[in-house]
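Student: Starting off with a structure, shown below.
The values are calculated or read from the model by the stated rules, or taken from the named source; none is laboratory data. Source: prediction; values computed, not measured. Virtual Cβ from ideal backbone geometry, glycine too; neighbours counted across all protein chains shown.
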Amino acid sequence: MAPSMVTEVASPHLPPHVIGKIGFNGVSFAYPTALSNPVVQGLELQIEAGTVVGIAGATGCGKSTLIKLLLRFYDPQVGSILLDGVPINQWSIRSLRQSIALVSQDVYLFHGTIYENIAYGLPHATPDQVEAAARCAAFHDVVCQFERGYQTIVGERGIRLSGGQRQRLSIARAVLKNAPILVFDEATSSVDTETEEAIQRQFAMVTKGKTAIVIAHRLSTIRHADRIVVLNNGRVTEDGSHMSLLRLGGTYARLWSTQVGHQG
Ligand SMILES: Nc1ncnc2c1ncn2[C@@H]1O[C@H](COP(=O)(O)OP(=O)(O)O)[C@@H](O)[C@H]1O
Ligand SMILES: [Mg+2]
């Protein structure tokens, strides 16, 4: 990550626990290197704790940027982002980021065993916890195919995992972290649909009692979300359940019929 663009407040908000309610209130943002090109414009988005929200929208519409703002890799120029009703710039950066488990497009693996790489999410995890997390991510069977199992070395000079295998390791790591907020940013874009279905079957269990934001190009990934939000030009243009967005007949419905056909 580039040098931090954000500063820590002097006496941060330190709650005993995080509930997971998120609010984007009138948020506008342009990257410092491209100030004349706002990526997010007056965005309003309230996410209730414990709900699963899918985010859809064309490539480049600002989905990943929203997540970078939520994690405070950047601060918006206008508006505020709240976690549990408190502006995130009042939280310590550490407690903010600890309350969010992110599975992103680029998976960071360090040189070490698969076990260590999964346990990065929870350093004192037991072997049973690591294996349970790997099963949730449809990764356990992959690991078992390696001669050295969880002791297989990955990362530089280690064995090369495929894109889909890296994503599954990263999901296992996030599951193990057990944070109140889970963010999946194209987390299953490189796995085949069969593996994705296997992960989906565990999804309800993994997200139970948590707030989850799921960004997916493949709309079948988010169709069962409590709510789906469509972004366009940095604004929310559609917001509702899969069925209600199909009935609306807008961008989502159009994308759905191109991707899946008409068996809605
Ligand atoms: N670090 C950056 N600096 C400048 N522009 C960026 C940066 N990251 C992304 N962008 C631009 O911001 C816009 C939104 O990007 P992004 O949030 O990654 O979109 P999405 O995830 O929806 O595909 C794009 O036009 C992209 O080129
Ligand atoms: Mg993205």
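Student: Against the condition within 14 Å of ligand 2 (Cβ to nearest atom), under 20 Å from L245 (Cβ atoms) and not β-branched (V, I, T), how does L231 come out, does it pass? Walk me through how you get there before you give the answer.
Tutor: Details: within 14 Å of ligand 2 (Cβ to nearest atom): yes; under 20 Å from L245 (Cβ atoms): yes; not β-branched (V, I, T): yes.
Taking the combined requirement at face value, the residue satisfies it.
Student: Write out, first by first residue and then by second, each pair whose Cβ atoms fall under 7 Å of each other, whose residues are 6+ apart or on separate chains, and whose first residue, in the range 54-66, is in a strand (DSSP E or B) while the second is near ligand 2 (Cβ under 9 Å from one of its atoms).
Tutor: Matching pairs, first to second residue: I55/K63; I55/I215.
Student: Let me ask something else about it. I need the full set of residues from the range 1-51 which are part of a strand (DSSP E or B), closer than 18 Å to I181 by Cβ and not hydrophobic (A, V, I, L, M, F, W, C), in order please.
Tutor: Hits for the range 1-51 are H13, G23, N25, Q46.
Student: Look at the range 14-38 and say how many of its residues are under 17 Å from the mean Cα position of the chain (by Cα) and without any contact (Cβ under 8 Å) to a residue 60 or more places away in the chain.
Tutor: Result for the range 14-38: 1.
Student: Please enumerate the residues belonging to the range 157-181 that are modelled with pLDDT under 90 and of a type in the set (D, E, K, R).
Tutor: Listed by number, the residues that qualify are R157, R160.
Student: Given (1) at positive phi; (2) within 17 Å of the chain's Cα centre (by Cα); (3) not small (G, A, S), identify the lone condition not met by D84.
Tutor: (2)
Student: May I ask you to say which residue of S104, S95 is more than 16 Å from ligand 2 (Cβ to nearest atom) and either surrounded by fewer than 18 Cβ atoms within 10 Å (Cβ to Cβ) or of a type in the set (G, A, S) (or both)? Steps first, answer last, please.
Tutor: Numbers: S104 fails: more than 16 Å from ligand 2 (Cβ to nearest atom).
The unique qualifying residue is S95.
Student: Which of the residues belonging to the range 96-121 are closer than 16 Å to V183 by Cβ, away from ligand 1 (no atom under 16 Å from the Cβ), not β-branched (V, I, T) and not in a loop (DSSP other than H, G, I, E, B)?
Tutor: Selection gives L96, R97, Q98, A101.
Student: Starting from the range 140-156, keep only residues that are within 19 Å of L176 (Cα to Cα), then list their pairs with residues that are charged (D, E, K, R) and modelled with pLDDT of 95 or more whose Cβ atoms are within a distance under 8 Å, requiring at least 6 positions of separation or different chains.
Tutor: Correct list of pairs: H140/E131; Y150/E131.
Student: Right, here's the next one. Name the single residue, out of those in the range 25-82 being loosely packed, with under 15 Cβ neighbours inside 10 Å, hydroxyl-bearing (S, T, Y) and near ligand 1 (Cβ under 10 Å from one of its atoms), that is farthest from I215 (Cα to Cα).
Tutor: Restricting to residues being loosely packed, with under 15 Cβ neighbours inside 10 Å, hydroxyl-bearing (S, T, Y) and near ligand 1 (Cβ under 10 Å from one of its atoms), the top hit is T33.
Student: Can we say G209 is modelled with pLDDT under 95, of a type outside the set (K, R) and not in a helix (DSSP H, G or I)? Before the answer, list the steps.
Tutor: On the way: modelled with pLDDT under 95: yes; of a type outside the set (K, R): yes; not in a helix (DSSP H, G or I): yes.
Spelling it out, G209 is indeed modelled with pLDDT under 95, of a type outside the set (K, R) and not in a helix (DSSP H, G or I).
Student: Next question. What's the total number of residues in the range 176-198 that are farther than 22 Å from G57 by Cβ and in contact (Cβ under 8 Å) with a residue 60 or more places away in the chain? Don't jump to the end; show me each part of the working.
Tutor: Let us first name the residues in the range 176-198 that are farther than 22 Å from G57 by Cβ, namely 176-180, 192, 194-195, 197-198.
Next cut, in contact (Cβ under 8 Å) with a residue 60 or more places away in the chain only: 177-180, 198.
Result for the range 176-198: 5.
Student: Identify the residue in the range 67-89 that is in a loop (DSSP other than H, G, I, E, B) and of a type in the set (A, V, I, L, M, F, W, C) and, among all such residues, is farthest from K21 (Cα to Cα).
Tutor: Just the residues of the range 67-89 that are in a loop (DSSP other than H, G, I, E, B), to begin with: 71-77, 84-85.
Pick out the ones that are also of a type in the set (A, V, I, L, M, F, W, C) and you get 71, 73.
Working: L71: 14, F73: 19 Å.
So the residue we want is F73.
Student: Also, I was wondering about something else. Given the criterion in contact with a Ser or Thr (Cβ under 6 Å, 6 or more places away or on another chain) and on the phi > 0 side of the Ramachandran plot, identify the matching residue among A179, A138.
Tutor: Just a single option satisfies the conditions, and that option is A138.
Student: Can we say V183 is within 24 Å of H17 (Cα to Cα) and within 16 Å of ligand 2 (Cβ to nearest atom)?
Tutor: Details: within 24 Å of H17 (Cα to Cα): yes; within 16 Å of ligand 2 (Cβ to nearest atom): yes.
Judged against the criteria, V183 is a match.
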